[in-house]
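Quick notes on the structure that follows.
The values are calculated or read from the model by the stated rules, or taken from the named source; none is laboratory data. What you see is a predicted model; the values in this text were computed from it and never measured. Note that each Cβ is placed from the backbone with ideal geometry, even for glycine, and that neighbours are counted across all protein chains shown.
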Amino acid sequence: MKTSWSRRHFLKATAGTGAGMALRGAGTAALVSATGFPQVALGAESPAVLGGKPVRTAPFSRWPVMDATDEQGWMEALKSGRWFRGSGDRVNRFEEAYAQLTGSKYCVATANGTSALFAAIGGLDVGPGDEVILPPYTFVATLNVILLQYALPVFVDSDPETFQIDARRVEASMTDRTALILPVHLGGSSADLDALLEIARRRKVRLVEDACQAHLAEWRGKKVGTWGDAGCFSFQASKNLNCGEGGAVLTQDPEIAERCHAFHNNGRGRGIGGFDASLSGCRGANLRLTEFQGALLMTQMARVEAQSRTREANAAYLTRVLSEIPGIRPARMYAGCTRNAYHLYMFRYDPAAFAGLSRAAFLKALSAEGIPGSTGYAPLNKEAFIEATLKSRAYRKIYPPEVLASWAERNQCPANDQLCREAVWFTQTMFLGTRDDMDQIAAAIRKIQTHAAKIAAA
Ligand SMILES: Cc1ncc(COP(=O)(O)O)c(C=O)c1O
């Protein structure tokens with residue numbers, strides 16, 4: 001296969017970038033773009049989906065990451081016989097350490113991210129009759145915690161450039177019933193906190209950050225999750241900080257911290273050792289983290305900064321490479337987002353730049369090349385169970401008929417509908433490896449683009 005660059009020239013040009021290695025491994029003919037990124041040459045080897053050799057056969061980095069320190073911490077918790085947070089001090093220690101890591105004044109650990117949101121919303125006493133602003137591009141838990149409190153979810157359309165809630169549209173969706181703005185820092189990037197906090201302050205409503213995907217992400221140099229009245233995190237197995245299931249609420253307000261703590265502990269007080277039987281005067285549930293999870297979080301947390309830096313470097317590189325590929329538009333970050341956790345690497349796919357190849361066929365071809373991707377979320381605001389819930393006896397008792405009748409009319413998010421048709425995600429674990437991994441992702445996409453017409457016709 002002849003290109004305008006010899007193989008030797010290519011390897012020299014890409015020395016130190018890992019690209020030479022990647023493409024040697026891939027067995028593809030290659031050239032280098034004007035800005036120095038490796039490309040697969042036109043007419044290169046047949047795509048794997050049509051029987052060619054895949055760009056990549058090795059798996060991406062293993063997840064979860066663990067070593068003897070995790071085993072030791074876990075075994076110590078086991079042997080202590082103190083397995084719940086009332087008897088041990090591992091959860092307390094984790095709360096202190098996570099508050100320190102995030103620069104937060106207070107941290108309340110919870111059983112999972114859903115519980116963190118539930119405790120925050122419960123602690124802030126958002127409930128029946130209140131409207132809560134949320135994005136339609138999020139995991140269902142963001143919605144469920146609103147419905148669990150019998151509040152009314154009000155979806156505000158997405159900004160397709162960033163995949164985040166479109167802060168410019170928030171105010172138009174507010175009414176005098178709005179009690180809370182619940183933005184999500186989707187994918188580990190940040191929602192536009194400047195704009196959202198300004199609206200929340202001016203309109204005197206609460207703001208809770210759903211930072212379940214955004215560990216160590218920053219807005220203007222300060223950790224997300226520490227800006228609003230509360231910030232909620234998930235430590236579920238797929239998350240950048242993981243103990244199987246776990247969560248936390250951060251807050252800077254001692255009263256909110258106490259209310260969230262009581263809410264997560266069946267309305268009971270802290271007492272000696274972080275647990276007692278006296279009632280605090282609020283309702284609640286048992287949303288407590290166990291000592292095993294506290295132990296695992298302590299050892300896992302030792303790696304989170306280094307892992308984040310690796311993801312950031314790889315993702316930033318991949319964005320530079322992918323921005324050269326027509327039809328691939330990586331999610332943009334707002335200027336205030338000074339650190340992205342890259343829980344997800346998100347981009348929009350345009351079939352027009354791939355000879356009309358559908359997103360599903362693109363993903364199938366990508367998977368055949370050894371690069372797993374997914375389509376991400378469906379429009380949450382269109383889930384049938386929401387309308388069914390709003391028609392339930394409880395909702396009909398709480399909300400006047402005209403409020404419920406106008407909900408469907410207000411529930412229009414066309415930009416998000418389009419985003420859900422175009423989105424492609426890679427998971428955070430794909431960014432824990434080397435730059436070669438990034439070059440292989442880009443090589444696979446270019447290969448598919450080169451042969452898109454043939455793949456589409458097959
Ligand atoms: C944006 C968002 N919110 C909330 C949650 C709920 O967290 P958990 O699964 O730990 O309950 C998740 C988890 O995937 C999430 O991604």
Farther than 23 Å from Ser87 by Cβ and free of Cβ contacts under 8 Å to residues at least 24 places away in the same chain, is that true of Gly281? yes
Scanning the stretch 391-440 residue by residue, the ones that are free of Cβ contacts under 8 Å to residues at least 40 places away in the same chain and either crowded, with 20+ Cβ neighbours inside 10 Å or farther than 30 Å from Leu366 by Cα (or both) total 13
Within the stretch 291-314, the count of residues that are of a type outside the set (Lys, Arg) and either farther than 17 Å from Asp67 by Cα or without any contact (Cβ under 8 Å) to a residue 40 or more places away in the chain (or both) comes to 7
Given the structure, is Glu209 at pLDDT 95 or above, charged (D, E, K, R) and closer than 15 Å to Leu250 by Cα? yes
Of (1) small (Gly, Ala, Ser); (2) touching a helix residue (DSSP H, G or I) at 6+ places or on another chain (Cβ under 9 Å); (3) over 30 Å from Gly52 (Cβ atoms), Ala361 satisfies all except one. Which? (3)
Can you list the strands (runs of 3 or more DSSP E) found entirely within the stretch 202-321 that contain at least 1 residues being within 23 Å of the chain's Cα centre (by Cα) and away from the ligand (no atom under 16 Å from the Cβ)? 206-210, 247-251
Considering each of Ala22, Ala44 in turn, give the residue that is at pLDDT below 95, buried (at least 19 other Cβ atoms within 10 Å of the Cβ) and not in a loop (DSSP other than H, G, I, E, B). Ala22
On the basis of being part of a strand (DSSP E or B), away from the ligand (no atom under 16 Å from the Cβ) and at pLDDT 95 or above, does Val132 make the cut? no
From the options Arg309, Arg332, Arg339, residue that is more than 20 Å from Ser104 (Cα to Cα) and touching an Asp or Glu at 6+ places or on another chain (Cβ under 8 Å): Arg332
Failed item, numbered, when Ser104 is tested on (1) within 14 Å of the ligand (Cβ to nearest atom); (2) over 19 Å from the mean Cα position of the chain (by Cα): (1)
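Here's the yes/no breakdown for (1) within 16 Å of the ligand (Cβ to nearest atom); (2) surrounded by fewer than 19 Cβ atoms within 10 Å (Cβ to Cβ); (3) of a type in the set (S, T, N, Q):
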| position | (1), (2), (3) |
| --- | --- |
| Ile146 | yes, no, no |
| Phe155 | yes, no, no |
| Glu161 | no, yes, no |
| Ile165 | yes, no, no |
| His185 | yes, no, no |
| Ser189 | yes, no, yes |
| Asp194 | no, yes, no |
Taking the criterion of being loosely packed, with under 15 Cβ neighbours inside 10 Å, in the same structural domain as Val424 (by TED's automatic domain parsing) and under 14 Å from Gly327 (Cβ atoms), would at least one residue in the stretch 358-372 satisfy it? yes
Scan the stretch 141-155 and give yes if some residue there is assigned to a loop (DSSP other than H, G, I, E, B) and over 22 Å from Arg393 (Cα atoms), otherwise no. no
Please state which of the following conditions Val249 fails to meet, knowing it meets all the rest: (1) within 26 Å of Phe139 (Cβ to Cβ); (2) surrounded by fewer than 23 Cβ atoms within 10 Å (Cβ to Cβ). (2)
Of all the residues that make up the stretch 322-374, how many are farther than 29 Å from Ala237 by Cα, part of a helix (DSSP H, G or I) and charged (D, E, K, R)? 0
Any chance the stretch 110-118 includes a residue that's away from the ligand (no atom under 12 Å from the Cβ), in contact with a helix residue (DSSP H, G or I) (Cβ under 6 Å, 6 or more places away or on another chain) and in contact (Cβ under 8 Å) with a residue 24 or more places away in the chain? no
Looking only at the stretch 224-244, decide whether some residue is more than 25 Å from Met333 (Cα to Cα), buried (at least 24 other Cβ atoms within 10 Å of the Cβ), in contact (Cβ under 8 Å) with a residue 40 or more places away in the chain and assigned by TED's automatic domain parsing to the domain that holds Thr138. yes
Could you please let me know if Ala97 is modelled with pLDDT of 95 or more, out of contact with any Phe, Trp or Tyr (no Cβ under 7 Å at 6 or more places or on another chain) and not charged (D, E, K, R)? yes
Would you call Ala384 among the hydrophobic types (A, V, I, L, M, F, W, C), surrounded by fewer than 15 Cβ atoms within 10 Å (Cβ to Cβ) and over 21 Å from the mean Cα position of the chain (by Cα)? yes
